[in-house]
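The values are calculated or read from the model by the stated rules, or taken from the named source; none is laboratory data. Computed from a prediction, not measured in an experiment: that's the story for all the values here. Cβ sites come from the backbone with ideal geometry, for glycine too, and all protein chains shown count toward neighbours. Just so you know, the surface numbers come from the protein's heavy atoms only, side chains and all, with ligands and any DNA or RNA stripped out. Shrake-Rupley method; radii C 1.70, N 1.55, O 1.52, S 1.80 Å.
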There are 2 protein chains.
Amino acid sequence: VKRAEAERMDAEDAIGWLRDHFVFDDPGLIYLDGNSLGRLPKATIAAVNEAMRAGWGSRLVRAWHEWIDVGQRVGDHLGKKLLGAAPGQVAVSDSTSVNLYKLATAALDTRPGRRVILSTSDNFPTDRYILEGLAAARGLELRLLNPGADGGIGVEAMKAALGLDVALVSLSHVSYLSGAIEDVPAITRAARYAGALVLWDLSHSAGAVPIELDSWGVDLAVGCTYKYLNAGPGAPAFLYVRHSLQTRLRQPIWGWWGQREQFAMGPAYDPARSIARFLAGTPPVLSLLPIQVGVDVLAEAGVERLRDKGVALTELIVRLWEAWLEPLGFTLSSPRDPARRGAHVSLGHAEAYRVSQALIEECKVIPDFRPPNVVRLGPAPAYTRFVDVWDAMDRLRKVMDARAYERFDPRPGRVT
Amino acid sequence: VKRAEAERMDAEDAIGWLRDHFVFDDPGLIYLDGNSLGRLPKATIAAVNEAMRAGWGSRLVRAWHEWIDVGQRVGDHLGKKLLGAAPGQVAVSDSTSVNLYKLATAALDTRPGRRVILSTSDNFPTDRYILEGLAAARGLELRLLNPGADGGIGVEAMKAALGLDVALVSLSHVSYLSGAIEDVPAITRAARYAGALVLWDLSHSAGAVPIELDSWGVDLAVGCTYKYLNAGPGAPAFLYVRHSLQTRLRQPIWGWWGQREQFAMGPAYDPARSIARFLAGTPPVLSLLPIQVGVDVLAEAGVERLRDKGVALTELIVRLWEAWLEPLGFTLSSPRDPARRGAHVSLGHAEAYRVSQALIEECKVIPDFRPPNVVRLGPAPAYTRFVDVWDAMDRLRKVMDARAYERFDPRPGRVT
């Protein structure tokens, strides 16, 4: 594969212009970690300054007239543009961890007597820990299934694991580790047949992979906005609760933002008859408003074109891995079939940590190291060029040829 | 009381210069709602833009090297400057509602068999609702004490209510409604004597009233940063857990931000041996960093001088109420004794809602209406002048004289 082929792909890129919406301070830097922290859209700078100056600074407390339902408005926008969700079912609030806690607790409350929570051993850590905590508090069993050879669980393995003792299934749509995509509608149907609810984590798919929550029949979902949605460090997460489930569920954190008549400040909690009942406290406005901008930017391209480009970018990585890196001992830790793969590719290598350090410190390439042995490459379709991928892979093979990683320290422990 | 007296008080104000640190777009506006949403410090604009451009935009995911412990660093700063807390006991995270939920749950887990949660009927709504939810989930009783004549509960009433069935006492240091200050060290001692833990909400005192959590022997506290701390709309809240309690408590939301070796992403939750164990998910950085600025600004004046000015401002309100408004039917819904009163004053009137509307719409005065019948005046000591108070009270009496409030609609319901 020649670099000229990557250049040609960029020339033919249907959404190459989308890159201009983002800040690029250092054009020489190749950023392949947009699935950890997405880039800053230019329009976000203006939006945040407007909220600070015209909102907070000038209108002061009166600005809350516009912001009071901002989590629901931005949620509706996100739902419509990227999640396939009709209005009134998505809200932005809290962190992914807190949203997962709220919805998993609400779901478990509807399945008394069933004593198993199903998830996967490679689910994102916070998902596993939150579920572990709920299982411990309620005397339930958290059963973690191991992914198959291509990194996914798959419908058949899920069906085999589903029994009448399962209260809740909590899975990631796209695995943060392998990038494997699960079949959301099929697994949701299977779980419903067994009488369990399913809570999907869309953190690594929202904005990169088509999602149709309503038509897939999804019950519950959460997801992150600071990855492909480019909403900035720690921007609030989203949650989805299907209309028909909303008034049947109660979340455990009875904060005033979920109260029906919030500013009546009445004596007893009376949850809103809407998605607002899944809110808790005051939303962090400066961190929340960039979600609107992030969705707007992606919506200009449309999720189908983002997906097409994501497939092409990861296919290029896989081809270059096969040509250059497989002979050097790298394994492909992601599905080979692009239809089964999200927008990132994981390469396995015993020296993955030091290789990642060498790429960052010496090659101006930013991948992500994920324990125990993965170099994760996330070429966000919104702003990554094909030549970026080619150059990054070229630098990676040169790091290996020169054994440049050997001058870096092995992975340090981090104990708090 | 002549306006000239207020002018003289401004001339002699020891911290009048602090006002210059804040944005004033409309010099004619009198803002008496800084205890709902504090004003925008000028330095915050630069700090947020720096975080966006140099951090997020330019350093991208590498900026997390600086932000990874930002909740603890900002918490330590806040603890040292304004809360009387040694390092390692305060963290900034989530909303006040979520923090209250986490700490109340952790506290209740240590008191099995005790079946009462004590609070007050005028505690802030979200506090009451959160506690109500916990009581419902655990089959406990939430017992709400009614405040006394001056708006506070007081030590003796608390002692009378404390029995061996009480697991947790959750109170506000300063009442959002009446402004009454509770005696934190005395009530904490009494609760400890009865074997209960106490969780204080400092939302309406932090930054306005001296707080000495360590020397007062406080167990647990939470509080808001967007009121007197001027950290912006929905900025994350803080939590305090006394050192000696930390490893004995576990909060229920086992998110990865509380994990001991967070980026090892290991198989099981193993909470940090520090205040970090009370964190849950990724913090909203753009909303969090302004807390550092807000604390810096207040620290220039020092909390003692802020308190002195707060007393002088509210004393002026009380004198003017006595001279002008008591004859018009307004009651004083705050303690008469300034030592028992926080930095705001509540005036009771049957037409409080429409009076508040008239002040906002026609008089360029922004108070806060609080149900059922309170006009709440919060002259934040950091930037409110004595002439502002005089002018606001003058306009209020004119609204009453002209019955200008009668043209406004009665309070509309708000149902979600």
Identify, among A:GLY152, A:GLY342, B:LEU18, the residue whose Cα sits farthest towards the positive end of the charge dipole of the protein assembly as shown, taking +1 on the Cβ of Lys and Arg and -1 on the Cβ of Asp and Glu, with the dipole about the Cα centre.
A:GLY152
Assigned charges on the beta-carbon of Lys, Arg, Asp, Glu; the protein assembly as shown dipole about Cα centre (debye):
1260
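Nearest 20 debye, what's the magnitude of the dipole of region B:162-245 about its Cα centre given +1 on Lys and Arg Cβ and -1 on Asp and Glu Cβ? Please report the intermediate quantities before stating the final value.
Values: 4 positive and 7 negative charges, 20 e Å.
So the magnitude is around 100 debye.
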From phi via Karplus (6.51, -1.76, 1.60), per-residue ³J(HN,Hα) for region A:88-94 in Hz, x at Gly/Pro:
x, 10, 10, 9, 9, 5, 6
In debye, nearest 20: dipole of region B:160-318 around its Cα centre with unit charges on the Cβ of K, R (+) and D, E (-)?
400
Work through the residues other than A:ASP337 whose Cβ is under 15 Å from its Cβ and net out their charges, Lys, Arg +1 and Asp, Glu -1.
0
Label point at B:ALA402 placed 7 Å out along Cα→Cβ; residues across region B:333-373 whose backbone nitrogen lies under 11 Å:
B:359, B:362-364
Can you list the residues in region B:233-274 whose accessible area drops by at least 40 Å² when all protein chains are present, compared with the chain alone? Use a 1.4 Å probe, heavy atoms only.
B:PRO233, B:GLY234, B:ILE253, B:TRP254, B:TRP256, B:ARG260, B:GLU261, B:PHE263, B:MET265
Can you tell me, using C-alpha contacts under 8 Å and at least 6 residues apart, the relative contact order of region A:269-416 as a whole percent?
22
Once the dipole of the protein assembly as shown is set up from charges on Cβ (+1 Lys and Arg, -1 Asp and Glu), the residue from the list A:SER287, A:GLY139, A:LEU396 lying farthest towards its positive end is A:GLY139
As a test of the formula, what do you get for chain A when each DSSP H run with n ≥ 4 contributes -39,500 (n - 2.57) and the sum is divided by the residue count, at 222 nm and rounded to the nearest 500 deg cm²/dmol?
-10500 deg cm²/dmol
Can you give me the C-alpha center-to-center distance between region A:292-342 and region B:326-360, rounded to a whole angstrom?
62
Estimated vicinal HN-Hα couplings, Hz - region B:225-238 in sequence order (Karplus 6.51, -1.76, 1.60; Gly, Pro = x):
10, 9, 9, 5, 7, 6, 9, x, x, x, 3, x, 8, 10
What are the trypsin sites (Lys or Arg not before Pro) within region A:1-105 that DSSP puts in a loop, where the Cβ has at most 11 other Cβ atoms within 10 Å?
A:LYS2
Placing a label point 7 Å from Cα toward Cβ, how far apart in nm is B:ASP401 from its equivalents in the other copies, listed shortest first to one decimal?
8.9
Can you tell me the accessible area per residue over chain B, all protein chains present, probe 1.4 angstrom, in square angstrom?
33
Charge-dipole axis of region B:102-256 as Lys and Arg at +1 and Asp and Glu at -1 on Cβ define it, positive-most pick from B:ALA161, B:GLY195, B:SER215:
B:GLY195
So what is the relative contact order for chain B, in percent, with contacts set as C-alpha pairs under 8 Å and at least six apart?
22
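Find the relative contact order for region B:1-158 and round it to a whole percent, using C-alpha pairs within less than 8 Å whose residues are 6+ positions apart.
Working: 99 pairs, mean separation 18.5, N = 158.
Contact order relative to length: 12 percent.
Determine the percent antiparallel among the DSSP beta bridges restricted to the protein assembly as shown, to the nearest 5. Please report the intermediate quantities before stating the final value.
On the way: 40 of 78 bridges.
The antiparallel fraction comes to roughly 50 percent.
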Within chain B, longest stretch free of exposed GluC sites (Glu not before Pro) [DSSP loop, at most 16 other beta carbons within 10 Å]
B:13-211
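Tell me, what % of the accessible area of region B:1-119 is carbon and sulfur with a 1.4 angstrom probe?
Values: 2230 of 4350 Å².
Using a 1.4 Å probe with all protein chains present, region B:1-119 comes out at 51 percent carbon and sulfur.
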Summed for both chains, how many Å² of accessible area, to the nearest 100, are buried between A and B with a 1.4 Å probe?
7200
Just the number, please: percent antiparallel of the DSSP beta bridges in chain B, rounded to the nearest 5.
50
Inter-centroid distance (Cα atoms) of region A:140-183 relative to region B:380-411, Å:
61
So who's got an amide H within less than 5 Å of the one on B:ALA237, skipping anything under 5 residues away but keeping other chains? H placed 1.01 Å off N, in plane.
B:SER93, B:ASP94, B:SER95, B:THR96
Residues along region A:112-138 losing 10 Å² or more of accessible surface when the other protein chains are present rather than the chain by itself (probe 1.4 Å)
A:PHE124, A:PRO125, A:THR126, A:ARG128, A:TYR129, A:ILE130, A:GLU132, A:GLY133, A:ALA136
